[in-house]
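Please treat every number below as a calculation from the coordinates, not as lab data. All of these numbers come straight from a predicted model, not from anything done at the bench. Here the Cβ is made from the backbone with ideal geometry for all residues, glycine too, and neighbour counts use every protein chain on show.
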Amino acid sequence: YMDAFGPRPVLDEMAERIAGHGYAVLVPDLFYRKAPYGPFDAKTAFTVEETKTKLMALVTGTTQEMTIRDSEAFLDALAAEGVDGPIGVVGYCMGGARALNAAATYPDRIAAAASFHGGNLASDAADSPHRKAASIEACVYVGTAGIDRSFPPEQSARLAEALRVAEVDHTIENYIGVGHGWCIKDHSVYDEAGAERHWKRLTTFFAETLG
């Protein structure tokens, strides 16, 4: 599940890297209802007020419920292409919560769910994924930025408790010294060492849960 800047070459590169481990990969456009839009420069989008306003309209206008419904179509599209093994999902930024919500909604189809610098994973919102922890049967991995206003320590603790109570096999790991967005090359806070650490964790996680 994409970050807030939408599908673009850097996400295609990330998909190719995952595919290189033998997986079929889908990178859906979560903002398709608002097309055409962008493209956005991830390094400057939030520093230009007009661009920031357009971007936030896309994010807030694409609800968790919309993506939950869309996720069924994503899963069906993979099945139509002959993908019949266990499914893993990974989300970045706004995609993190959507990955966890998908795992909670389609527990019989999703075996692994990962989030990196995901925001609002355990917020006060009614659609916060921690509220659906009891429905998750997938293994869960959450990689958090060392400092991230969208996922502060109190949310991390709340998510951990929800997953523990629900007896979800999970790991929450704090990447000290990196900021929100560190995994993705076109972000201003991209951290190569941290990104490679994320790749090691993600590929190991998928190997252990998906085979």
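Taking amide H positions as modeled 1.01 Å from N, with prolines and chain starts lacking one, the residues under 5 Å from G146 and 5 or more places away or on another chain are Y175, G177, V178.
Only Lys, Arg, Asp and Glu carry charge here, each on its Cβ (+1 for the first two, -1 for the last two); on that basis the chain has a dipole of about 340 debye about its Cα centre. The convex hull of the Cα atoms of the stretch 119-190, projected and averaged over all directions, covers 5.0 nm². Projecting the Cα positions of P153, V178, V168 onto the charge dipole of the stretch 145-192 (unit charges on Cβ atoms of Lys, Arg, Asp and Glu, taken about the Cα centre) puts P153 furthest along the positive direction.
Each Cα pair of the stretch 9-210 feeds into the Kirkwood radius, which the Stokes-Einstein equation turns, at 4 °C and 1.567 mPa s, into a diffusion coefficient of 75 µm²/s.
For the stretch 104-120, 3J(HN,Hα) computed residue by residue from phi via the Karplus equation (6.51, -1.76, 1.60; θ = phi - 60°) reads 6, 7, 10, x, 7, 10, 10, 9, 8, 9, 10, 9, 10, 6, x, x, 6 Hz, glycine and proline entered as x. From helices alone, the chain scores -13000 deg cm²/dmol at 222 nm; the rule is -39500 (n - 2.57) for each run of n ≥ 4 DSSP H residues, then divide by the residue total. Across the stretch 72-88, coupling constants 3J(HN,Hα) worked out from phi with the 6.51/-1.76/1.60 Karplus curve, θ = phi - 60°, read 4, 5, 4, 5, 5, 5, 5, 4, 5, 8, x, 7, 10, x, x, 9, x Hz, and Gly and Pro carry x.
Counting only the backbone N, which residues of the stretch 134-150 are under 11 Å from the spot 7 Å out from the Cα of L26 toward its beta-carbon? Within reach of a label on L26, which here means backbone N under 11 Å from a point 7 Å along Cα→Cβ, the stretch 134-150 contributes nothing.
Taking every DSSP beta bridge that has both residues in the chain, what percent is antiparallel when rounded to the nearest 5? Just about 0 percent of them are antiparallel.
Across the chain, Cα pairs under 8 Å and at least six residues apart give a relative contact order of 18 percent.
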